[in-house]
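Shown next, in structure tokens, is the structure this report addresses.
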Amino acid sequence: PDAPKRIRKIVDTIALKVPGKPLKVALTCHSGGGAFLFSFIDGGDAIPAGINRIAWLDAVYAYDDAEHHHGDKLIAWLKGDDSRTMVVISYDDRNITLNGKKVVSDTGGTYRASHRMIDRFNRDVPLAESTQGDFARFTGLDGRVTFLIHPNPEVKILHTVLVERNGL
């Protein structure tokens, strides 16, 4: 139950060890690391001012507005400083299979979670939709918020391919 506070302490402890102040911290994650990042967000009423970039690479499974108000916190953080940026990269994982069985439940996956985030952001931060290569792109706040979602027309498991192509 104290994971969010402990995670904040881990990040703070590491940040204190890095020379140079003021320090700008980027929090990035892949896969289950998204739960770590969302727990960090849950660790306080607001995202700390020293965080200047947050990026999820196929990792937004734990996004939650009902109980944790992630959207409210992220939007307030972004609006608090014009140098802050947020990126979400995911793919359509709704129908992928492994050994003939669906991998994602009918309510799970990063595609659905990404779209819950997009829907929430659109209430307060209008997002423009376009295409960037194979990806659907949703941007707002003069490009400081970006969602990139691969449509995955071949219904492949792209979970690690996104890492290989992104370099995270």
Exercise. Check the chain and count each lysine pair with an alpha-carbon distance under 24 angstrom, considering only pairs eight or more places apart or from different chains.
Key: 14
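Heavy-atom accessible area per residue, region 1-78, 1.4 Å probe: how many Å²? Show your work: numbers first, answer last.
Values: 4040 Å² over 78 residues.
Accessible area per residue, region 1-78: 52 Å².
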Practice problem: Compute the acute angle (0 to 90°) between the alpha-carbon long axis of helix 110-124 and the principal axis of greatest extent of the alpha-carbon atoms of the chain; round to the nearest 10°. | Solution: 60
Quiz item: Ordering 106, 81, 93 from largest to smallest accessible area (1.4 angstrom probe), what's the sequence?
Solution: 106, 81, 93
Quiz item: Helix 70-79 sits at what angle to the longest principal axis of the chain, using alpha carbons and giving 0 to 90 degrees rounded to 10?
Solution: 60
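In the chain, carbon and sulfur make up what percent of the accessible area (probe 1.4 Å)?
Working: 4880 of 9170 Å².
Accessible surface attributable to carbon and sulfur in the chain totals 53 percent.
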Quiz item: the chain: Rg/Rh from Cα coordinates, Kirkwood Rh?
Solution: 0.97
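Going through region 94-164, which trypsin sites (Lys or Arg not before Pro) have at most 14 other Cβ atoms within 10 Å and a DSSP loop state? Show your work: numbers first, answer last.
Numbers: sites: 94, 101, 102, 112, 116, 120, 123, 137, 144, 156; in loops: 94, 144, 156.
Answer in residue order: 156.
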Quiz item: Cα centroids of region 1-57 and region 93-137: how far apart, whole angstrom?
Solution: 24
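Using a 1.4 Å probe and counting only protein heavy atoms, arrange 127, 74 so the residue with the most accessible area comes first.
On the way: 127 25, 74 0 Å².
In descending accessible area the options line up as 127, 74.
Net charge around residue 69, counting only other residues with Cβ within less than 11 Å of its Cβ (Lys, Arg = +1; Asp, Glu = -1)?
Neighbourhood net charge equals -4.
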Self-check item: Loop GluC sites (Glu not before Pro), region 112-168, which have at most 15 other Cβ atoms in a 10 Å radius of their Cβ (DSSP)
Solution: 154
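Restricting to the chain, compute how many DSSP beta bridges are antiparallel as a %, nearest 5.
Working: 12 of 29 bridges.
Antiparallel: roughly 40 percent of the beta bridges in the chain.
Excluding residue 84 itself, what net charge comes from residues whose Cβ is under 10 Å from its Cβ, given Lys and Arg +1 and Asp and Glu -1?
Details: positive: 24, 53, 79, 144; negative: 81, 82.
Spelling it out: positives minus negatives among the neighbours equals +2.
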Self-check item: Residues of region 78-99 with amide N under 20 Å of the 7 Å Cα→Cβ point at residue 21
Solution: none
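The values are calculated or read from the model by the stated rules, or taken from the named source; none is laboratory data. All values reported here derive from a predicted model rather than from experimental measurement. FYI the Cβ positions are ideal-geometry reconstructions off the backbone, even for glycines, and counts take in every protein chain you see. Just the protein is used for accessible areas: all its heavy atoms, side chains included, with ligands, DNA and RNA removed. Shrake-Rupley method; radii C 1.70, N 1.55, O 1.52, S 1.80 Å.
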